[in-house]
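One structure below.
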Amino acid sequence: MEYTVRLAVKEDCRDIMRMIRELAEYNKQANKVQITEEVLKKDGFGDNPFYKCFVVELCSGQKSKEGFTVVGYALYFIVYSTWEGPFLHLEDLYVMQEFRGTGMGKKLISKVAEVCVERNFSRLQLVALDWNQMAMDFYMKKGAVDLTTSESWHMMRFQGEALKDLALNET
């Protein structure tokens, strides 16, 4: 199977949005997707993009069972550590089910790691759901460290009413 991994362009947002929905469904959180294709276009390809994305595209007229040529993506963005400087956060790494085990996921995460190395960033960071042992095994096999167990870091989040209350200094 021939494929290329390339930086996404605005026209890929329809496929990226489709795969975001597939990933949310796989993560048993399909009802949490609020973003739209239009927002993806604006946020990734406007004057001041918030994210970058690599996509996997099949070559030579190959298509998925559903007829798609873009079959995977890795969406990432820059974060800043006051201890270490800039680093990348990998928000999503996704390959359609029928193409898993082909090396596409490895190639995608390697491309994101290349960006880190080329820009001399301190690290590549991501999160995985605790039930997704397959993903955690994949990352740890590549050398990732689980900070929850190794350093006792826990990710915290404010959203919804808690975020509004915090903004109003009411909590």
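The values are calculated or read from the model by the stated rules, or taken from the named source; none is laboratory data. Fair warning: this is a prediction, and the values are worked out from it, not measured in the lab. Glycine gets a Cβ as well: all are built from the backbone with ideal geometry, and neighbour counts include every protein chain shown. Just so you know, the surface numbers come from the protein's heavy atoms only, side chains and all, with ligands and any DNA or RNA stripped out. Shrake-Rupley method; radii C 1.70, N 1.55, O 1.52, S 1.80 Å.
For this structure, a couple of remarks:
- Selected residue (criterion: nearest to the chain's Cα centre (by Cα)) from residues of the range 61-89 that are hydroxyl-bearing (Ser, Thr, Tyr) and not in a loop (DSSP other than H, G, I, E, B): TYR76
- The range 132-171, subset acidic (Asp, Glu) and more than 20 Å from LEU93 (Cβ to Cβ), residue farthest from the chain's Cα centre (by Cα): GLU170
- The range 24-48, subset farther than 17 Å from ALA128 by Cα and open to solvent by 100 Å² or more (accessible area, probe 1.4 Å), residue farthest from the chain's Cα centre (by Cα): ASP47
- Helices (runs of 4 or more DSSP H) wholly inside the range 90-171 that include at least 2 residues being among the aromatic types (Phe, Trp, Tyr): 133-141
- Residue in the range 24-47 that is touching an Asp or Glu at 6+ places or on another chain (Cβ under 8 Å), in contact (Cβ under 8 Å) with a residue 24 or more places away in the chain and part of a helix (DSSP H, G or I) present: no
- The set of residues from the range 100-131 being small (Gly, Ala, Ser) and on the phi > 0 side of the Ramachandran plot comprises GLY101, GLY103.
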